[in-house]
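Below is one structure, written out as structure tokens; comments come after it.
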Amino acid sequence: MANLQLDEPEPEAADDGVWLTCIECGETFAPFEGIRYTCDECGGLLEVRYADLPTFEDFDSAAIADSVWRYDAALPFEAGVSLPEGGTPLHEVPRLEADMGVDRLRVKHEGMNPTGSFKDRGMTVGVRVAEEIGVDRLACASTGNTSAALSAYGARAGIETLVLLPAGKVAAGKVAQASLHGARILEVDGNFDRCLDIVQNLADRGEAYLLNSLNPFRLEGQKTIGLEILEQFHAEEGAYPDRIVLPVGNAGNTAALYKAFRELVESGALDESDVPKLTGVQAEGSAPMVEAIEKGWEDTKRWEDVETIATAIRIGNPVNAPKALPGIRETGGTAVAVSDEQITAAQRDLASEGVGVEPASAASVAGLRKLRREGVVEADEQVVCLTTGHLLKDPDAAAEAGSDPEPVPDDTDAVLEHLAE
Ligand code: F0G
């Protein structure tokens with residue numbers, strides 16, 4: 001069972017109060033010496049650890065939710081390769097809230113980041129670490145958004161970038177981003193999990209620096225989603241949210257949010273009882289995390305065949321499961337699977353409030369609706385749904401879910417006639 005306690009003493013290997021710890025065997029490593037993504041001893045997942053953990057008072061560099069780097073006290077550096085990222089809106093959605101039947105519903109729209117997804121938060125830190133280590137090529141496997149973000153941040157840093165995508169299964173907007181930002185795009189005749197297998201092999205052979213969420217520094221940047229939600233919600237609602245509902249693919253975000261909360265509890269900034277219940281949502285056609293939660297497993301079993309309209313979370317082997325499953329369990333959360341139809345309905349619901357998201361993002365709202373209907377989420381709860389990517393990422397899905405254009409003649413009277421029909 002993974003050890004996610006944060007009370008270990010600072011090891012010899014630490015550099016300026018920062019080190020890496022294996023969550024399985026406890027081995028520690030210097031953070032920026034040599035390149036490793038998992039434990040040299042046992043292959044377990046690594047976590048970034050700090051000698052000093054911040055309280056909210058240490059986040060004072062700018063206004064609440066101004067940017068990722070407001071939270072530098074919780075990060076390994078004071079600044080990164082920035083576009084800038086973070087500071088996303090926490091929307092009110094009053095009609096959806098009433099319809100859903102919860103006390104409060106807010107939507108944290110990560111689609112408002114520079115490349116249109118939360119991945120930017122991870123890349124501003126991850127690419128800064130790549131600079132620190134001194135690498136000449138960055139790489140990732142991706143269902144699309146990671147590749148878009150890495151391409152932009154790699155370009156910003158002036159480092160060559162390689163992305164491996166599952167052929168035919170990445171939404172148009174995301175491929176366009178990687179293309180224009182100048183990444184080399186390799187379309188693999190296999191699914192995302194196979195792309196990740198291959199890029200890990202390339203990284204192991206020293207061909208590139210891996211910036212998937214297996215890289216523990218990525219998750220440091222993504223912690224700031226949790227920090228922003230807590231600060232924004234508390235400032236506007238006078239309390240912390242009871243629950244955060246988020247879509248799950250590789251389970252990096254679930255792991256990152258849980259780490260943010262563990263660190264605040266360890267520093268004494270957050271009471272254990274105020275930690276929001278982490279609630280993960282997957283598509284029915286790719287739901288290994290839901291299976292693991294339902295069956296009480298400590299890790300997921302790889303699904304070889306996965307399918308969903310929410311291509312961003314079309315993932316059968318969530319590599320961060322050993323970090324994320326305890327996060328869901330220890331916070332009192334749960335995981336739920338939703339159908340493609342429920343995802344599209346939720347995408348329309350959000351759009352009707354003016355919030356445009358891609359299908360994977362709408363899974364959070366679809367999951368909340370299902371859990372509310374089942375009575376798992378109660379009427380008196382204050383909930384934040386995370387929407388992870390922008391509508392324009394997947395224009396085909398948006399057009400499919402939305403209304404069709406109506407052809408009309410080039411004539412005002414004919415247009416009026418058409419409208420009257
Ligand atoms: N939502 C969107 C829009 C995503 O792009 C992803 C992951 C997730 C949710 C799931 O997040 O992996 O942290 O559980 N996309 C990755 C990619 C896999 O390659 O862009 P997770």
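The values are calculated or read from the model by the stated rules, or taken from the named source; none is laboratory data. What you are looking at is a predicted structure, and each value in this text was computed from that prediction instead of being measured. Ideal geometry is used to build each Cβ from the backbone, glycine not excepted, and the neighbour counts take in all protein chains shown. These accessible areas exclude ligands, DNA and RNA; they are computed on the full protein's heavy atoms, side chains included. Shrake-Rupley method; radii C 1.70, N 1.55, O 1.52, S 1.80 Å.
Things to note:
- Being more than 13 Å from the chain's Cα centre (by Cα) and within 11 Å of the ligand (Cβ to nearest atom) is true of Ala148.
- Selection count, region 8-23, where residues are under 21 Å from Cys42 (Cβ atoms) and either surrounded by fewer than 18 Cβ atoms within 10 Å (Cβ to Cβ) or modelled with pLDDT under 95 (or both): 5
- Every pair of residues 6+ apart whose Cβ atoms lie under 7 Å, when the first sits in region 336-348 and is in contact (Cβ under 8 Å) with a residue 60 or more places away in the chain while the second is β-branched (Val, Ile, Thr) and crowded, with 18+ Cβ neighbours inside 10 Å: Ile343/Ile309
- Qualifying positions in region 28-57 - open to solvent by 70 Å² or more (accessible area, probe 1.4 Å) and either assigned to a strand (DSSP E or B) or more than 17 Å from Gln200 (Cβ to Cβ) (or both): Glu33, Glu41, Asp52, Glu57
- Unique residue being within 11 Å of the ligand (Cβ to nearest atom) and under 17 Å from the mean Cα position of the chain (by Cα) when the list is Gly122, Gly126: Gly122
- Condition met for Ile225 (touching a Leu at 6+ places or on another chain (Cβ under 9 Å) and open to solvent by less than 10 Å² (accessible area, probe 1.4 Å)): yes
- The single condition from (1) within 13 Å of the ligand (Cβ to nearest atom); (2) of a type in the set (A, V, I, L, M); (3) surrounded by 21 or more Cβ atoms within 10 Å (Cβ to Cβ) that Val188 fails is (3).
- The residue that is farthest from Arg205 (Cα to Cα), among those in region 129-144 that are open to solvent by less than 10 Å² (accessible area, probe 1.4 Å) and within 13 Å of the ligand (Cβ to nearest atom), is Gly144.
- Qualifying residue in region 232-240 (condition: among the charged types (D, E, K, R), more than 16 Å from the ligand (Cβ to nearest atom) and open to solvent by 10 Å² or more (accessible area, probe 1.4 Å)): yes
- All positions within region 191-214 that are outside any loop (DSSP other than H, G, I, E, B), within 11 Å of the ligand (Cβ to nearest atom) and out of contact with any strand residue (DSSP E or B) (no Cβ under 6 Å at 6 or more places or on another chain): Asp193
- So Arg348, is it open to solvent by 100 Å² or more (accessible area, probe 1.4 Å), within 23 Å of Asp103 (Cα to Cα) and modelled with pLDDT of 95 or more: yes
- Scanning region 255-267 for residues that are small (Gly, Ala, Ser) and more than 16 Å from the ligand (Cβ to nearest atom) yields one hit, Ser267.
- Of all residues in region 268-306, those satisfying the criterion of being more than 15 Å from the ligand (Cβ to nearest atom), assigned to a loop (DSSP other than H, G, I, E, B) and crowded, with 16+ Cβ neighbours inside 10 Å are Ala269, Leu270, Val275, Pro276.
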